[in-house]
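Let me begin by presenting the structure, written as structure tokens, before commenting on it.
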Amino acid sequence: MKRHDHIPIASTASLTARLAMMLLILMMGTKTTAQILIQFNGNTASVTVPTIVKGVTYSINGANVVINSSTTTTEYTYRVSGTSTDGSLTINGNYKLTLALAGVNLTNRHGGAAIDVECGKRISVELASGTVNTLADAATGTQKAALYFKGHPEFKGSGTLNVTGNLKHAICAKEYIQFKSSLGYVNILGAVADGIHCGKGKVENEHNYFEMNGGTVNINHVGNDGVDADDYGVIRITGGAISANIGDEGTGLKADSTLNISGGQVNLSVNGHGSEAIKANHTVNISGGETYITVTGEGAKGIRSKKQTTGTVLNGGQINFTGGSALIDISGGDYILGTDTTRCVGVHADAGFTQTDGYLRILAMGLDVYSHQIEDETQLTGGTMETIRIPWVFHPHACQYDMSVFAIVKENGVSLSNYSQVAVGAFIDGQCSGYGYFESADYGIIRIHSAINELRDVSFRLYDYATATEYPLSADQAVRFADTSVAGTPSSPVVLELFRGLMSDVNIDGEINVTDVMMTVSYIIGNNPKGFHPELADLNDDGEINIVDAMMIVNIIL
């Protein structure tokens with residue numbers, strides 16, 4: 001009788017599992033360790049394709065390399081290095097790949113992108129450790145960027161990438177762009193249009209987005225926006241540090257849909273009319289991280305959320321602040337174009353504003369600046385929101401030295417009890433160098449900033465918003481700027497005496513006449529005329545009272 005061997009049930013299950021795994025691998029594809037090497041050398045280039053690699057062909061014309069891949073199952077790595085001042089790399093294919101930048105310095109001068117990856121799949125971009133990679137495109141052609149991806153690139157690796165877009169964008173992807181937590185440095189050195197641009201997404205699944213999980217990104221000298229997530233695009237920042245300097249009518253971070261900051265550090269400086277630091281055409285959500293915004297310009301805005309009635313994304317206009325911190329310094333005025341007037345605003349929401357946690361501080365500098373403009377309901381149920389108005393303009397972020405003054409303002413010997421309609425400023429050499437924050441009637445803190453660390457006299461002024469009048473403040477002790485120093489204490493603050501007299505009316509009789517000139521001259525030659533208020537005589541605010549101030553009083557009289 002013929003014997004039949006029986007396969008144990010456990011062995012059958014194991015075999016089935018192995019077959020399923022093999023089928024899954026075939027469906028998902030594989031990644032080989034073999035690398036295709038592209039080396040640029042001046043006016044020439046070379047390509048090395050290992051024999052294990054199948055379905056990859058290439059052509060070289062001078063220093064211009066075109067690679068064609070027909071694989072649909074294997075992920076290949078293209079390692080790029082070398083230097084050329086007139087070269088390019090184009091990769092065509094229909095399967096995901098890895099682009100390893102390993103010390104390449106490539107400029108395309110004849111037209112086209114420096115590197116163009118025409119693969120509509122995931123592209124892993126690796127910045128090799130210890131390498132600096134520099135890319136620039138031509139100022140002519142039809143390319144969208146110096147570094148372009150038809151698919152969705154994911155950047156990683158601890159190296160450095162420098163990109164300049166001489167025709168349009170610096171970096172552009174048709175779908176999403178992701179910066180992973182392992183990323184080193186990405187520097188946008190310049191772009192005619194956007195520094196980083198992604199577009200052509202799908203609103204139902206947020207297929208198009210810019211996501212930053214790590215790395216350090218610096219964006220400078222762009223014509224339009226620092227980062228633009230177009231066509232239903234979303235911006236998500238969870239880690240790393242991103243900085244951008246933006247000019248006229250540009251935006252630091254611009255999302256066609258929602259913009260979310262949940263971690264990392266965002267540092268944006270926008271200058272010029274109509275510029276905006278953060279803008280979303282639907283909703284801005286800040287739930288973590290540190291955000292620093294400096295805005296200068298007519299009609300400029302710190303954070304803007306628009307309500308769309310037509311176009312790609314409808315409704316919206318909400319700003320939600322649920323964690324983290326945001327400091328906004330804004331100065332400027334109205335931007336008038338024909339019959340349209342655009343306000344300069346720190347936070348502008350076309351719909352509502354909510355805050356449940358976190359810290360938000362808006363410093364509005366100048367008489368024509370609005371700290372916030374909320375078109376719908378404002379709900380503050382948690383966290384801290386501070387709005388500070390001062391009529392003077394200064395730039396604390398440009399100053400690396402600072403000191404503090406504990407102070408109190410008195411008028412006729414009586415302490416002010418309400419600071420809501422006044423502003424207190426500190427001045428060095430006639431320039432505003434700080435402002436006071438008075439959270440109680442007992443004392444306030446004046447933070448004074450300076451770009452140079454030298455001993456200099458500090459004077460003080462008060463602006464009354466109700467009367468639109470500025471008055472000098474006389475300190476009961478000399479205050480001189482010194483880095484990290486402190487003047488006064490909470491229990492014994494510096495007393496700033498308010499005299500509601502006009503500058504040059506040195507005897508406070510309500511008139512500016514020859515008596516004020518004579519008293520000023522008497523003070524200059526060493527006398528101490530009775531009723532003379534020196535704080536009203538320093539007209540050029542240079543810390544000295546001399547013949548220049550006396551002549552200025554004469555000119556006022558004339």
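For the stretch 128-187, which strands (runs of 3 or more DSSP E) that fit wholly inside it have 2 or more residues that are open to solvent by less than 30 Å² (accessible area, probe 1.4 Å), closer than 25 Å to residue 255 by Cβ and in contact (Cβ under 8 Å) with a residue 12 or more places away in the chain? Talk me through it step by step, then tell me what you get.
Working: elements: 132-136, 145-149, 152-156, 160-165, 169-173, 177-179.
Correct list: 145-149, 152-156, 160-165, 169-173, 177-179.
List the residue pairs whose Cβ atoms are under 8 Å apart, where the first residue sits in the stretch 430-450 and is free of Cβ contacts under 8 Å to residues at least 60 places away in the same chain and acidic (Asp, Glu), the second is open to solvent by 30 Å² or more (accessible area, probe 1.4 Å) and not in a strand (DSSP E or B), and the two are 6 or more positions apart or on different chains. Matching pairs, first to second residue: 442/490.
Based on this model, can you work out whether residue 376 counts as in a strand (DSSP E or B), over 30 Å from residue 428 (Cβ atoms) and open to solvent by 40 Å² or more (accessible area, probe 1.4 Å)? No. Is it the case that the stretch 470-488 has a residue that's open to solvent by 70 Å² or more (accessible area, probe 1.4 Å) and among the small types (Gly, Ala, Ser)? Taking every residue of the stretch 470-488 in turn, at least one turns out to be open to solvent by 70 Å² or more (accessible area, probe 1.4 Å) and among the small types (Gly, Ala, Ser).
The single residue among 553, 545, 557 that is farther than 21 Å from residue 433 by Cα and open to solvent by 30 Å² or more (accessible area, probe 1.4 Å) turns out to be 557.
Number of residues in the stretch 480-493 that are within 36 Å of the chain's Cα centre (by Cα) and under 14 Å from residue 444 (Cβ atoms): the value is 5.
Just the residues that are open to solvent by 70 Å² or more (accessible area, probe 1.4 Å) and either in a loop (DSSP other than H, G, I, E, B) or of a type in the set (A, V, I, L, M) (or both), please, taken from the stretch 504-542. Show your work before the answer.
Applying the first criterion (open to solvent by 70 Å² or more (accessible area, probe 1.4 Å)) to the stretch 504-542 yields 509, 511, 514, 518, 523, 525, 527-528, 530.
Answer for the stretch 504-542, where residues must be open to solvent by 70 Å² or more (accessible area, probe 1.4 Å) and either in a loop (DSSP other than H, G, I, E, B) or of a type in the set (A, V, I, L, M) (or both): 509, 511, 514, 518, 525, 527, 528, 530.
Restricting attention to the stretch 458-468, the residues that are open to solvent by 30 Å² or more (accessible area, probe 1.4 Å) and assigned to a strand (DSSP E or B) total 2. For the stretch 458-467, residues that are in contact (Cβ under 8 Å) with a residue 60 or more places away in the chain and either in contact with a His (Cβ under 8 Å, 6 or more places away or on another chain) or farther than 17 Å from residue 394 by Cβ (or both) total 1.
Screening residue 190 on (1) over 18 Å from residue 80 (Cβ atoms); (2) part of a loop (DSSP other than H, G, I, E, B); (3) not charged (D, E, K, R) shows it passes everything except condition (2).
Among the residues of the stretch 314-324, is any closer than 22 Å to residue 382 by Cα, assigned to a strand (DSSP E or B), open to solvent by 50 Å² or more (accessible area, probe 1.4 Å) and at pLDDT 95 or above? Steps first, please.
So the first thing to find is which residues in the stretch 314-324 are closer than 22 Å to residue 382 by Cα, and the list is 317-324.
Filter again for assigned to a strand (DSSP E or B), leaving 318-324.
If we keep only those that are open to solvent by 50 Å² or more (accessible area, probe 1.4 Å) too, we end up with 322.
Subset that is at pLDDT 95 or above: 322.
Scanning the stretch 314-324, I find at least one residue that is closer than 22 Å to residue 382 by Cα, assigned to a strand (DSSP E or B), open to solvent by 50 Å² or more (accessible area, probe 1.4 Å) and at pLDDT 95 or above, so the answer is yes.
In the stretch 438-453, the residue that is farthest from residue 399 (Cα to Cα) out of those that are under 25 Å from the mean Cα position of the chain (by Cα) and open to solvent by 40 Å² or more (accessible area, probe 1.4 Å) is 447.
Take residue 292 and decide whether it is open to solvent by 10 Å² or more (accessible area, probe 1.4 Å), under 20 Å from residue 397 (Cβ atoms) and either in contact with a strand residue (DSSP E or B) (Cβ under 6 Å, 6 or more places away or on another chain) or among the aromatic types (Phe, Trp, Tyr) (or both). Write out each step before concluding.
On the way: open to solvent by 10 Å² or more (accessible area, probe 1.4 Å): yes; under 20 Å from residue 397 (Cβ atoms): yes; either in contact with a strand residue (DSSP E or B) (Cβ under 6 Å, 6 or more places away or on another chain) or among the aromatic types (Phe, Trp, Tyr) (or both): yes.
Yes.
Tell me, which residue of the stretch 238-262 that is farther than 19 Å from residue 289 by Cα and surrounded by fewer than 24 Cβ atoms within 10 Å (Cβ to Cβ) is modelled with the highest pLDDT? Write out each step before concluding.
Step one: list which residues in the stretch 238-262 are farther than 19 Å from residue 289 by Cα, which gives 245-251, 256-257.
Among the residues that remain, those that are also surrounded by fewer than 24 Cβ atoms within 10 Å (Cβ to Cβ) are: 245, 247-249.
Values: 245: 94, 247: 89, 248: 88, 249: 88.
Step by step, filter the stretch 238-262, then rank; the result is 245.
Filtered by the rule that a residue be within 18 Å of residue 318 (Cβ to Cβ) and among the acidic types (Asp, Glu), the stretch 361-385 gives 375, 376, 377.
Would you please name the residue that is nearest to residue 337 (Cα to Cα), looking only at residues in the stretch 263-285 that are under 8 Å from the mean Cα position of the chain (by Cα) and open to solvent by 20 Å² or more (accessible area, probe 1.4 Å)? Residue satisfying both the conditions and the ranking: 269.
Out of everything in the stretch 295-308 that is part of a strand (DSSP E or B) and open to solvent by 20 Å² or more (accessible area, probe 1.4 Å), what residue ends up being nearest to residue 344 (Cα to Cα)?
Only one residue tops the list, namely 296.
Give me a count of the residues in the stretch 344-371 that are among the charged types (D, E, K, R) and closer than 20 Å to residue 468 by Cα. Full working, then the answer.
Start the filter on the stretch 344-371 by keeping residues that are among the charged types (D, E, K, R), which leaves 350, 357, 361, 368.
Right, trim to closer than 20 Å to residue 468 by Cα and you get 368.
Here the count works out to 1.
The values are calculated or read from the model by the stated rules, or taken from the named source; none is laboratory data. This structure is a prediction, so every number in the text was calculated from the model and none was measured. Quick reminder, even Gly has a Cβ in these numbers, built from the backbone with ideal geometry, and neighbours come from all protein chains shown. Each accessible area value is taken on the protein alone, full model and side chains, heavy atoms only, with ligands, DNA and RNA left out. Shrake-Rupley method; radii C 1.70, N 1.55, O 1.52, S 1.80 Å.
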